[in-house]
Amino acid sequence: MDQTRRDQGCVAKLINDAFAISNLKVRFIFMPWDRAYHQGLKQEFSGTAYWYYSEKRALDYIYTKTPVTSEISRFYHLDDLDFNYQTYKDLSHHTLLLNQGLTYPKKLLNAIKKHDITVVNATYTSKNLSLLLKKRADITVLTEQTKTEFAKALSAEQNQRIVFQEKPAFVSQGYLLINRHSQKYASLFDYGVNTLWKDQTYYDNYVKNCLNIK
């Protein structure tokens with residue numbers, strides 16, 4: 001999702017295309033994650049995108065059946081940090097930067113409590129890399145796609161300083177959430193995506209341009 005792009009990002013384009021099959025137009029309003037979640041529950045909106053699965057969200061929203069993303073999240077840090085990630089316990093001697101409103105695996109959250117891992121929070125994921133460079137935190141976790149996009153705003157020298165751990169932090173799937181006021185749109189979206197996926201060229205382009213960004 002990227003409000004600076006003409007298509008507003010790969011996921012936004014997919015959502016637009018899926019609803020277009022039912023002759024529906026989509027308008028996106030971009031806002032911080034936490035606010036987007038709560039605003040999306042209101043009747044003037046239809047839902048919010050995109051989110052990983054959680055039991056709480058499944059009570060508030062209708063999860064569409066078809067995931068719109070499958071993402072590898074990695075730990076990123078500066079090249080001079082002595083960090084070798086094998087288990088979440090290895091984070092215990094460092095400060096971890098997370099983002100408000102995002103979903104993290106229970107295993108990671110439990111490890112943070114169990115091993116007393118120091119955490120700082122940021123509102124916008126777009127600030128994570130610059131906060132690392134300013135040494136406001138030692139390590140952050142981002143999807144490969146998100147890191148690639150945000151790294152474009154950095155200089156070549158800055159990008160050389162940011163490295164990642166080969167072992168993934170976690171792998172997640174993202175979904176469009178539809179609120180209870182607009183539940184009819186959930187089945188329309190699933191129908192639209194399934195129709196799009198039958199077009200092999202569309203599917204291959206989506207995987208190439210949205211899922212396999214390096």
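Number of Lys pairs in segment 50-140 with C-alpha atoms less than 25 angstrom apart, excluding same-chain neighbours closer than eight positions?
Going through segment 50-140 pair by pair, I get 20.
Restricting the calculation to Cα positions, tell me the Rg (one decimal) and the Dmax (whole number) of the chain in Å.
Computed over the Cα atoms of the chain, radius of gyration and Dmax are 18.1, 54 Å.
May I have the extent of the alpha carbons of segment 98-202 along their three principal axes, as whole Å values ordered from largest to smallest?
46, 37, 26
What are the aspartates and glutamates whose alpha-carbon lies under 20 Å from the alpha-carbon of Lys184, with same-chain residues fewer than 8 places away excluded?
Within the straight-line cut-off, Lys184 pairs with Asp17, Glu44, Asp60.
For Met31, Met1, what's the largest-to-smallest order of accessible area, 1.4 Å probe? Provide the component values of the computation, followed by the final result.
Values: Met31 40, Met1 75 Å².
Accessible-area ranking of Met31, Met1, largest first: Met1, Met31.
With every protein chain left in place, what is the accessible area of Glu71 in Å² (1.4 Å probe, nearest 10)?
Probe radius 1.4 Å; accessible area of Glu71 about 10 Å².
Check each of the trypsin sites (Lys or Arg not before Pro) in segment 1-62 and keep only those in coil by DSSP with at most 12 other C-beta atoms within 10 angstrom; list them in order. It would help to have the intermediate numbers written out before the result.
Details: sites: Arg5, Arg6, Lys13, Lys25, Arg27, Arg35, Lys42, Lys56, Arg57; in loops: Arg5, Arg6, Lys25, Arg27, Lys42.
Answer in residue order: Arg5, Arg6, Lys25, Arg27, Lys42.
In nm, to one decimal, how far is the modelled label at Asp199 from the one at Val171, with both set 7 Å along Cα→Cβ?
About 2.8 nm, to one decimal.
Ignoring ligands and nucleic acids, what accessible area does Leu78 show with a 1.4 Å probe (Å², nearest 10)?
10
Compute the distribution of all C-alpha to C-alpha distances in segment 51-106, in bins of 10 Å from 0, and list the percent of pairs in each, rounded to whole numbers.
For segment 51-106, the binned pair fractions read 15, 41, 27, 15, 2 percent.
On average over all directions, what projected area in square nanometres does segment 1-63 have, based on the convex hull of its Cα atoms?
Spelled out: convex hull of the Cα atoms, projected over all directions, averaged, 4.7 nm².
Using 0.36 nm per residue of separation minus the Cα-Cα distance, give me the extension gain between Ser182 and Glu55 in nm, one decimal.
On the way: separation 127, 0.36 × 127 = 45.72 nm, distance 1.98 nm.
Fully extending the segment from Ser182 to Glu55 adds 43.7 nm.
Before I look further, what does segment 75-143 give for accessible area per residue, probe 1.4 Å, in whole square angstrom? Working shown, then result.
Numbers: 3720 Å² over 69 residues.
On a per-residue basis, segment 75-143 sits at 54 Å².
Spin-label point model (7 Å from Cα, Cβ direction): what's the Glu44 to Thr95 distance in nm?
3.9
Could you tell me whether segment 47-161 comes out rounded, prolate or oblate from its Cα gyration tensor? Rule is a ≥ b ≥ c as square roots of the eigenvalues, rounded for a/c under 1.5, then prolate if a/b exceeds b/c, otherwise oblate. Write down the numbers at each step before the final one.
Values: a/c = 2.17, a/b = 1.34, b/c = 1.62.
Oblate shape, in that a/c is at least 1.5 and b/c is the bigger or equal ratio.
The values are calculated or read from the model by the stated rules, or taken from the named source; none is laboratory data. For clarity, every value in this text was computed on a predicted model and none was experimentally measured. FYI the Cβ positions are ideal-geometry reconstructions off the backbone, even for glycines, and counts take in every protein chain you see. We work out accessible area using only protein heavy atoms, side chains counted, and drop any ligands, DNA or RNA first. Shrake-Rupley method; radii C 1.70, N 1.55, O 1.52, S 1.80 Å.
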